[in-house]
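Trainee: After the C-alpha cells below, expect a handful of questions from me.
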Amino acid sequence: MSFRIGSGVDFHQLVLGRDLWVGGIKIPHTKGALGHSDADVLLHAICDSMLGAACLGDIGVHFPDTSAEFKNIDSKILLQKSFQLIASAGYKIINIDSTICLQEPRIRSYIPLMQQAIAGILSLEITCISIKATTTEKMGFVGREEGIIAYATILLSSI
C-alpha cells in the first residue's frame, strides 16, 4: 500500500449578485464568489488536492473555465468527477484537512453541513473531513471582504 499527499488552494472574488457556495452549502450573504462555475472555493481546493495527490493535474486541466460545459456548474459535480478520476487511478481518500479564509459572513455554524455534503459525495465518514474557518483579521483582500480563499490537504492511499 502506498500513500500520497496533495494540497489545493482556491481564491475567488466576492461580488454582489452572486450566491455564496462553500463546501456544497449555500451561505446566506449579500455577496457571492465570482467564477465560471458556482465558484465553491472549498470544493475546488479539495478537487485540486485530490487530483494533485494522484498526479492527475488540476481542476483547470479537467474542467477548464474556457468550456461552456462547465459554465455555472455545481461544484459538487466537479468533486464527484474528481473522485471518480482518482478512484480510476487506483486511489482512495483517507482524510481531508481544510481551511476557509473569509472575513464575513461567519461560517463556523455551517461546517457540519459542509462535512455532511462532502462526506456524502466522497463516501467518507464525517470524522475524516476537517474544515476550519478563519478570518484575516481585516487584512488584505479577504479582510476587506473582497474575496475568499480555501486551502485543502488530502491523504490518499492505493486501493
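The values are calculated or read from the model by the stated rules, or taken from the named source; none is laboratory data. Quick caveat, the model's predicted, so the values are computed rather than measured. Cβ placement follows ideal geometry from the backbone for every residue including glycine, while neighbour counts extend to all protein chains displayed.
Trainee: Strands (runs of 3 or more DSSP E) wholly in segment 17-115 with at least 3 residues that are on the phi < 0 side of the Ramachandran plot, of a type in the set (A, V, I, L, M) and in contact with a strand residue (DSSP E or B) (Cβ under 9 Å, 6 or more places away or on another chain) - which ones? Step through it out loud before you land on a result.
Mentor: Values: elements: 20-22, 25-27, 31-33, 91-101.
Correct list: 91-101.
Trainee: Moving on. Give me the pairs: first residue in segment 70-96 and over 11 Å from residue 47 (Cα atoms), second residue modelled with pLDDT of 95 or more and of a type in the set (D, E, K, R), beta-carbon distance under 9 Å, and six or more apart or on different chains, which are they?
Mentor: Pairs found: 72/38; 73/38; 74/38; 74/40; 91/4.
Trainee: Please specify each residue of segment 95-150 satisfying the condition of being surrounded by 16 or more Cβ atoms within 10 Å (Cβ to Cβ) and among the polar types (S, T, N, Q).
Mentor: 98, 99, 103, 115, listed by residue number.
Trainee: From the set of residues in segment 13-35 that are of a type in the set (Gly, Ala, Ser) and closer than 16 Å to residue 145 by Cβ, which is surrounded by the fewest Cβ atoms within 10 Å (Cβ to Cβ)?
Mentor: 17
Trainee: Right, another one. Among the candidates 10, 38, which residue alone is surrounded by 21 or more Cβ atoms within 10 Å (Cβ to Cβ), touching a Phe, Trp or Tyr at 6+ places or on another chain (Cβ under 8 Å) and either modelled with pLDDT under 95 or not β-branched (Val, Ile, Thr) (or both)?
Mentor: Answer to the selection: 38.
Trainee: In addition: Quickly run through segment 52-78 and pick out the residues that are surrounded by fewer than 24 Cβ atoms within 10 Å (Cβ to Cβ) and in contact with a helix residue (DSSP H, G or I) (Cβ under 8 Å, 6 or more places away or on another chain).
Mentor: Those that are surrounded by fewer than 24 Cβ atoms within 10 Å (Cβ to Cβ) and in contact with a helix residue (DSSP H, G or I) (Cβ under 8 Å, 6 or more places away or on another chain): 53, 54, 56, 57, 58, 61, 62, 63, 64, 70, 76, 78.
Trainee: Right, something else. Return yes when residue 131 is in a strand (DSSP E or B), of a type outside the set (Asp, Glu) and within 25 Å of residue 19 (Cα to Cα) and no when it is not.
Mentor: Against the criterion (in a strand (DSSP E or B), of a type outside the set (Asp, Glu) and within 25 Å of residue 19 (Cα to Cα)), residue 131 qualifies.
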